[in-house]
Amino acid sequence: MEKFTIAVVFDHRRRAKDGKEGPLEVRVTIQRKHYYINTGIRVREKNWAGAVVNRADSDALNDRLGLIVQATTKAVTDWQRQNPGKAVDMDVVKRQVFSEPGREENDAMLKWLTKEAPKLKIKDTTRRRYDVLINRLEKYDGLRQWSDLTVERLYDFDRWLHNIEKAQSNGDRQAGAEPKKIGDSAVYNYHRTLRALLSRAVKLGVIETNPYERVRGEFRKGVTENVEYLSEDEIAAIESLHPMAGTQMAMARDLFVFQMYTGLSYSDSQAFDIGNYKKVAIMSQRTGQKEWRWVHTGKRIKTGVAYVGDLLPQAVDVLERYGMQVPKVGNVQYNESLKVIQKALGIRTRLHSHLARHTFATRMLAYGAKLENVSKALGHTNTRQTERYAKVLAESVHNDYTMFEEKLKNAAKGG
């Protein structure tokens, strides 16, 4: 068996700065090559002198370090005995070290993620995504320890996520509708959020590598090619609907109309502030005269991508009914009210908050707006995201040609 040495070192990557805490790591040296195992213990450099010193929990931490060193020695020795002549697989060693009782704090990784997530400087809407992820991890029960961070476990987590059922609305439950699974986009967002937290763990020296780096590109966001949007008749039906002012139904209708004429997402519309807009004179191509228009350049809440927005008269009409504000409606209540409106008007397409954004985009393109300009209005990162709306319109044109051809054939037969 090859000789090896083991020592505990402080922050070998030298990432702890300005007196902040850094990781204590077990260094295994075999043939002058160093391997590092993070112990999960973090101290300040002033509290490390070959052992943890000048802390109330020094004895407990040193005892824990002793156990980890013993477990590492045993794991390396076991590997060499069972695999003579082969290089030591440190991933196997790490799993053995932290699989033994008492070697790793219960739910160490989950506790760290729960503690670190609130420290991120992110918007409240994004923070909710992190809160939901932590909730999912608590239920998954397969990613709780740092030793659980394997590629195999990520794939298992992915399979588990794909089997989660969507939350049903009251109407769907009462109708006995079959529960649906969450989509690829939702699963992708869970992976993206976890990956970001694990990257933070690498940056802080808590772990050596992010397992997502080994599966780069494997967990992709599903792209919905079948974009639904409202017809002109359906739009007119919604606009002609006037529920009693001040009711939930009236606010839902007005918010949907506002989105149809601005292209703003639900979160962006709820954060709308007229103070961010300026009233400027724009030369009208229709009349050849200057017209006053509210304009704004900002960033989308969800992505941080810049977008350009004008307030069309229909959107301004909605604002004026609410003191130049957008009606505030909870997302769940909003979608529930839209279902009622859909049923009342006999609209086949399922009404939901994002449908208004789809309708805005396809309508702009249908009326001759340039793809690049629609992309800017929507705040897309690139025009490829917007092209799916143009694709829908192209399919609609092809369908009309097919219908026209059939009518020509029938006319020829009749003649």
Handout entry: Label-point separation in nm, ILE6 to THR73, each point 7 Å along Cα→Cβ
Key = 0.7 nm
Problem - Peptides 238-245, 313-320 ordered by average Cβ neighbours within 10 Å, highest first - result: 313-320, 238-245
Practice task
Find how much the distance from GLN82 to GLN31 grows on full extension, using 0.36 nm per residue of separation minus their present alpha carbon separation; answer in nm with one decimal.
Solution key: 16.5 nm
Fill in the blank from the handout: Heavy-atom accessible area per residue of region 40-161, all protein chains kept, 1.4 Å probe, expressed in Å², is 56 Å²
Handout entry: Length released on extending from LEU371 to ARG127, taking residue separation times 0.36 nm less the Cα-Cα span
Key = 84.6 nm
Practice task
Can you tell me the order of 250-260, 287-297 when each peptide is scored by its average per-residue count of other Cβ atoms within 10 angstrom, highest first?
Solution key: 250-260, 287-297
Handout entry: Phi to ³J(HN,Hα) by Karplus 6.51 cos²θ - 1.76 cosθ + 1.60 over region 318-334, Hz, x for Gly, Pro
Key = 5, 4, 5, 6, 10, x, 6, 10, 8, x, 8, 9, x, 4, 5, 4, 4
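The values are calculated or read from the model by the stated rules, or taken from the named source; none is laboratory data. Model, not experiment: these values are computed from the prediction. Reconstructed Cβ throughout: ideal geometry from the backbone, glycine too, with neighbour counts over all protein chains shown. Accessible surface is based on the protein model in full, side chains and every heavy atom, while ligands, DNA and RNA are left aside. Shrake-Rupley method; radii C 1.70, N 1.55, O 1.52, S 1.80 Å.
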